[in-house]
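One structure is given here, and the rest of the page talks about it.
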Amino acid sequence: MSKSSYDYPGYERSGSRYWAKTTILYGGITFGALLWSLPLWWMLSTALSGNPTGASVSFIPAEPTLANFEELFATEPVGRWFFNSIVFAGSVTAFNLVFDSLAGYALAKIEFVGREKLFLLFVATIMVPAMVTLIPVYVLLAELGWVNTYQGLIAPLIAQPIGIFLLRQHFMNLPSSLGDAAKIDGCNEFQTFYKVYLPLAKPALATLGIYTFVTTWKNFEWPLIIASDESMYTLPVALFAVRNQYFTEWGLVMAAAAVIVLPVIAVFLSAQKYFIRGMTLSGMKG
Amino acid sequence: MSTLDDSISSSIGRAASAVRNAVGRVTDRPTEENNFAGLLFVLPNVIVFTLFLLGPIVYALVLSFQEWNLFLGTGELTWVTLFGVRLPLGNYADILQPWPWENNWGALRSPSFNLWWFAVRNTALYTIVVVPTQIVGGFLVALALDSRIRGKKVFRTAFFVPVMLSAAASGVIWRWVLSKNGVVNEFLRPLGLAHDWANSPETALGALMLIGLWGGIGFNMILYLAGLQNIPDELYEAARIDGASGLQRIRHVTWPNLRNTHFFVTVLAIIGTFQVFGIALAFAEGGPARATTTVVVLIYETAFDQSSFGRATAMAFLLFAVVFVFSYYRYRIEQQDEVAY
């Protein structure tokens with residue numbers, strides 16, 4: 001945080017003007033935050049209410065019960081969906097970390113023919129709306145027979161330009177003399193990358209990893225298209241399907257929503273710092 | 001760590017200038033060994049890019065001129081006769097034709113009703129309302145959280161969590177929150193304003209805007225918080241010495257010094273709202289009475305409900321054209337800025 005316009009000598013911290021300002025500030029931001037949390041709170045209290053039919057839901061359920069969760073888990077393959085989501089987000093993240101760190105390193109530290117052009121090409125593709133490539137990619141995967149498979153779900157997302165960009169920036173800022181020293185000591189290019197530079201890129205890798213994991217976890221568009229069989233749904237697609245199935249049974253639907261939302265909040269709370277960095281970078285995604 | 005902070009305010013334009021810097025810095029000639037190693041390192045990415053990005057873009061262009069149905073198979077060119085000339089633009093021409101469609105919402109009952117333009121209208125309205133509101137909202141929240149306030153983490157979490165939710169979750173949760181028996185009506189009923197917000201064509205698009213705002217403000221807040229930290233304290237001190245009040249400092253120091261952030265946030269928001277899809281689908285599936293059918297919802301329906309891949313791809317290219325114009329415009333302005341510095 002910068003020092004902000006409050007940190008200067010002689011700043012008044014008393015008097016009616018100060019208190020008026022402070023009240024407005026806290027009042028406004030608290031009101032906003034409550035408003036912003038309301039939908040999630042309502043989701044949770046509905047999910048925990050026994051028989052939620054509109055007016056019967058209260059802000060704090062009188063008799064909180066896990067009945068909705070129990071019924072959901074008993075009637076739907078939630079475990080399978082959870083597993084699919086983990087496999088999907090986990091593999092996409094792992095592939096991106098490996099491929100993007102290789103490419104990012106090469107584009108930053110190896111002088112090879114055409115690397116600037118290649119980098120510009122990678123970056124330029126960030127602007128293409130997903131819908132343009134989605135249909136041809138679907139056709140391609142349908143030809144390969146990869147619809148409703150893990151490889152179909154994962155393959156199109158395993159190398160994303162945002163990661164190349166982030167890691168290249170990071171490697172550029174590490175001194176080249178490190179690599180020169182390693183090479184004099186007899187390291188080849190891969191050893192230099194793996195033993196010298198990669199360990200120094202840990203913060204950037206953490207940021208990219210968390211960012212990729214969460215954006216893949218919440219990805220709705222691609223799994224919706226490629227996973228048409230219930231057993232291949234990820235959680236967001238499953239939620240969409242469940243909603244249509246139990247149209248008015250909001251207790252069940254909100255329990256399903258909570259199953260997706262709560263892990264994300266847990267991840268966020270444990271890795272806030274990296275996550276916000278990564279999110280800011282998605283500015284690149286366009 | 002400074003690398004990351006640098007990256008935070010970076011953009012495509014900066015990437016381009018980074019490349020130019022790199023070109024200037026490199027003095028060594030590429031050696032054969034380096035060529036081999038370099039290409040080997042980028043090979044996985046090049047393969048994935050060719051297969052899933054560059055190839056598909058080219059293929060999409062071909063598809064957009066053809067009658068292509070997933071089940072009926074590869075297609076023929078679609079033709080249109082224009083001023084006596086036969087052109088292979090059938091899909092593009094069809095999109096602009098009236099769409100045969102029955103509805104019970106009086107406002108749409110017209111023989112010349114065109115669903116494409118209606119989707120464009122919905123998307124444009126959504127963009128016009130959501131973009132400025134979420135920018136101003138994000139700025140105000142960032143400003144509040146940049147001040148001497150306690151519990152920053154709690155507030156930041158409250159505003160940021162919606163950003164991380166899947167569009168499916170946001171859409172479904174809001175469907176319930178805004179439903180006839182939902183919590184919003186609990187508050188509005190005493191005022192006599194209860195309404196079935198999600199199921200009325202008149203209010204569904206407005207409700208969708210609310211969801212967009214809910215999910216967007218936290219993202220802009222983070223960008224503005226990053227931008228605020230780059231304003232030198234000396235500027236505030238100078239303004240204070242000149243006797244500027246708090247509001248004057250915001251207006252004359254904070255706001256103008258965030259020029260780059262404003263620009264970045266605006267273009268991102270516009271490009272994002274053009275492509276709004278997931279929340280619209282999960283919230284109301286494009287309905288009621290098409291009120292929340294956005295351009296991408298229409299593309300999705302055309303491709304995956306009607307299996308008209310050629311036509312859907314033509315729509316996607318029309319969208320691409322608009323996004324490209326915005327991106328190019330942004331790139332040009334950034335170029336001019338660099339000259340100005």
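Below, the figures for the structure above:
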| quantity | calculated |
| --- | --- |
| Mean Cα-pair separation over length for region A:175-269, i.e. relative contact order, pairs under 8 Å, 6 or more apart, % | 15 percent |
| Helical contribution to [θ] at 222 nm, DSSP H n ≥ 4, -39,500 (n - 2.57), averaged over chain A, rounded to 500 | -21500 deg cm²/dmol |
| C-alpha center-to-center spacing [region A:158-195, region A:78-94] in angstrom | 30 Å |
| Cβ neighbours within 10 Å from other chains - mean over B:250-259 | 0 |
| Principal axis box of the protein assembly as shown, alpha-carbon based, largest edge first, Å | 78, 75, 57 |
| Reachable lysines, given that their alpha-carbon falls under 20 Å from the alpha-carbon of B:Lys152 and they are not under 8 places away in the same chain | A:Lys3, A:Lys21, A:Lys273 |
| Computed accessible area, B:Thr313, all protein chains, 1.4 angstrom probe, square angstrom | 0 Å² |
| Rg and Dmax [Cα atoms of chain A; Å; Rg one decimal, Dmax integer] | 24.3, 75 |
| For region B:99-237, convex hull volume per residue from C-alpha positions, Å³ | 166 Å³ |
| Exercise: per-residue mean of other protein chain Cβ atoms within 10 Å, B:222-234 | 3 |
| Sequence ranges B:322-333, A:173-184, ranked by mean other-Cβ count within 10 angstrom, highest first | B:322-333, A:173-184 |
| Set of lysines with alpha-carbon distance to A:Lys195 below 22 Å, sequence-local pairs under 8 removed | A:Lys109, A:Lys183 |
| Value in Å of the Kirkwood radius, where region A:25-134 supplies the Cα pairs that are averaged | 19.6 Å |
| Part-to-part distance (alpha-carbon centres) for region B:298-326 and region A:225-258, which is given in Å | 26 Å |
| Accessible area expressed per residue, region B:208-277, with surrounding protein chains retained (probe 1.4 Å, Å²) | 41 Å² |
| A:Leu34-A:Ala94 pseudo-label distance in nm [points 7 Å out on the Cα-to-Cβ vector] | 4.7 nm |
| Area hidden from solvent between A and B (accessible, protein heavy atoms only, 1.4 Å, total, Å²) | 10500 Å² |
| Cα-based Kirkwood hydrodynamic radius, region B:143-195, one decimal, Å | 13.4 Å |
| Pair A:Arg17, B:Phe324: separation of 7 Å Cα→Cβ label points (nm) | 5.6 nm |
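The values are calculated or read from the model by the stated rules, or taken from the named source; none is laboratory data. Just so it is clear, the structure is predicted and the values come from calculations on it, not from any experiment. With ideal geometry, Cβ positions are generated from the backbone for all residues, glycine too; neighbour counts draw on all protein chains shown. Quick note on the areas: whole protein, heavy atoms, side chains included, nothing else; ligands and nucleic acids left out. Shrake-Rupley method; radii C 1.70, N 1.55, O 1.52, S 1.80 Å.
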